[in-house]
Amino acid sequence: MIIFAPMKVGLFIDTWYPMVDGVIKVVDNYARRLVKYCDVVVFCPDTGNVGREFPYQVEQCSSLPFFTNDYSVPLSALDPVFDARLIRSGIDLVHIHSPFTIGMAGLAYAKLHQLPVVATLHSQYRQDFEQNLHFKLSTTLAMDGIMRVFNACDECWAVNGGIKDLYQQEYGLTAPCKVRLNATDHVPVADPAAAAREVNARYGIPADATVFLFVGRINFIKNIDFTVRALARAKELGLRNFRMLFAGKGQDEEKLAALVQELGLTEEVVMCGLTDKPMLEKLYSRASLFLFPSLYDANSLVQIEAACQGTPTVFLEGARTAATVTPGVNGYVSPATEEAYAHTLLDILADKDGYARVSAAARRDLYLSWDDVVRDVYADYLRLTHREAWG
C-alpha cells in the first residue's frame, strides 16, 4: 500500500557538536542529504552553544561533562522535555548510531510504536570498556548490555567487513547485518600545486619536503605516539627533509609535544590545530602519505578524505579500519612495530612508480561521496518501512 506522506526518520546519537568526531560527521552528513528525500530529526545531547544552523530538526537532551575524556554524558532519561519531544516527533523509523542513553531511548520508542529500527556499528566497544572499566566482569556486563541493544534492532549496518566479522564472531551479534560503507563530503582540490604552496607558506614547510599527515583527535588511543616514535626511527635510518602534520585537538596535546621534544623531532612535527574543510582538503593534497596506525578505530572518515586527494593511508596489520584496503594496491599495511613501520615508510618513498599507482587507486577505489551512500540509505529506509518514494 502506498502511503501518501513523506517518511520521517529519527537519527539518535549520544554525542554532538561542538565536539567533532567521525560518528557526528556521519550523522550530520546523513541528515543533510536525507532532507532531500524525507523529514529528519536528530536526537542528541545538548553539549553547549554550538553556534551552527542545521537544515534539519535537532532535539537535544541535557548532559553532563565527562571529565576523563572529550565527551559528555547525555541525561535523556532524566529530561522530561526531551521525552515529550520524542513522543510528539511522529517519526516512522529509528536509526541509532550509539547503544547508550539516547540510542536506548530511540530503541524503546521504536519498540513501543512498532517501528523499524536500524543501528550502525561504528565502534569497537570492547576496547573502550577494557580501557575505562579495568575489570573483566564490568567489561562483560557492559558488552552484554550494548549487544542486547544491537540484537533488538531489525537490522545492523557495519562500516566495513572487518567490523561485521568482529560483531558476529566475537561480540555475539545475532541481528541481521550488512556492510554500509562511510563516505566523505570532501572533493579533490582543483589546483594541487597552488594548494601545496598555500600549505607550505602557512606552516613553514620547504617546497621539496615530504609531508606526512594525521587528522583527528590528538589522543594517544589513536596510536599517534607510535607514529612519532616510528618517524624518529625512520630518521635514524636515513629519512630526511620531512614534516609530520597533526591536524586536530585533543586531551593529549601536551603529552604529544613532550614526546616530540624528547625524540628530537621539534623541527619536523607541526601542530596545525583545528582547520576548516577547505584547508583540510589542501593538507590531504599536500601530504604524500596519511599515517593512521590506529588499532582503535572501526572505519575512520579521515582515510576516505585522504583517498579523495589521492593520498594513500599506511595502516597496521590487525587494524579493523584497514578492511577496505588492498595492501600495495590502494593503500599500505605495515607490521605492527615501530621498526617495521619506519621501514615501510622508507620503502614506499623509494618506489616512486609503485607509489603513483597506489595513489591513483586510492582515489579510484576508496573515495565515496555521501550523496551516493545516502541515496542507498534512503532506499533501505523505504524497504524497512514498506513505503514507496515520496514525490
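Each value in this text was obtained by applying a stated rule to the coordinates, not by laboratory testing. As the structure is a computational prediction, the values presented were derived from the model and not from experiment. For neighbour counting, all protein chains shown are included, and Cβ atoms are generated from backbone atoms with ideal geometry for every residue, glycine included.
Points to keep in mind about this one:
- Of the residues 348, 87, 163, the one that moves most in a GNM of the chain with alpha-carbon contacts below 10 Å is 87.
- Virtual spin-label span in nm between residue 277 and residue 337, 7 Å along Cα→Cβ: 4.3
- GNM result for the chain, Cα springs below 10 Å: residue of 309, 127, 114 fluctuating most strongly: 114
- Helix-derived mean residue ellipticity, 222 nm - over the chain, DSSP H n ≥ 4, -39500 (n - 2.57), to 500: -12500 deg cm²/dmol
- One decimal place: the segment residue 57-residue 258 gains 68.0 nm when fully extended, by the rule 0.36 nm per residue minus the C-alpha distance.
- Net charge of Cβ neighbours under 11 Å - reference residue 166; Lys, Arg +1; Asp, Glu -1: +1
- Packing-based ranking, highest mean first, of 38-45, 252-259 given that Cβ atoms within 10 Å are counted: 38-45, 252-259
- In order through region 84-96: 3J(HN,Hα) via Karplus (6.51 cos²θ - 1.76 cosθ + 1.60), integer Hz, x for Gly, Pro: 5, 5, 5, 4, 7, 5, x, 6, 9, 8, 10, 10, 9
- When the listed pairs 164/249; 282/352; 111/178; 8/178; 111/249; 8/249 are checked against a 32 Å cut-off, the alpha-carbon distance exceeds it for 111/249; 8/249.
- Neighbours of residue 374 by Cβ distance under 14 Å: Lys/Arg scored +1, Asp/Glu scored -1, total 0.
- Peptide packing: for 90-97, 340-347, 201-208, the average count of neighbouring Cβ atoms within 10 Å per residue gives the ranking 90-97, 340-347, 201-208, highest mean first.
- Linear extension gain, residue 326 paired with residue 241, 0.36 nm per residue minus alpha-carbon span: 27.7 nm
- Per-pair calculated FRET efficiency, R0 = 41 Å: residue 190 and residue 88 via Cβ, rounded to 0.05: 0.35
- Inter-probe distance in nm under a simple model that places probes 7 Å from Cα toward Cβ, at residue 388 and residue 368: 2.9
- Rounded to the nearest 10 degrees, the angle from helix 352-366 to the longest Cα principal axis of the chain is 10 degrees.
- Amide hydrogen proximity for residue 243: with H placed 1.01 Å from N in the peptide plane, the residues at 5 or more positions away or on another chain lying under 5 Å are 210, 211, 212.
- 3J(HN,Hα) from dihedral phi, region 290-295, Karplus parametrisation 6.51/-1.76/1.60, rounded to Hz, x for glycine, proline: 9, 9, 9, x, 6, 9
- Between the labelled values (i) 62, 59, 54; (ii) 67, 54, 43; (iii) 65, 50, 41, the entry that holds Cα extents along the principal axes in Å as derived from this structure is (iii).
- Residues whose amide H lies under 5 Å from that of residue 369, counting only those 5 or more places away or on a different chain, are 184; hydrogens are built 1.01 Å from N in the peptide plane.
- Summed side-chain charge close to residue 33 - residues other than residue 33 whose Cβ falls under 15 Å, Lys, Arg +1, Asp, Glu -1: -2
- Distance between the modelled labels on residue 357 and residue 220, one decimal in nanometres: 4.0 nm (7 Å Cα→Cβ projection).
- Result for the chain in a Gaussian network model with C-alpha springs under 10 Å: among 250, 238, 318, the largest mean-square fluctuation is at 238.
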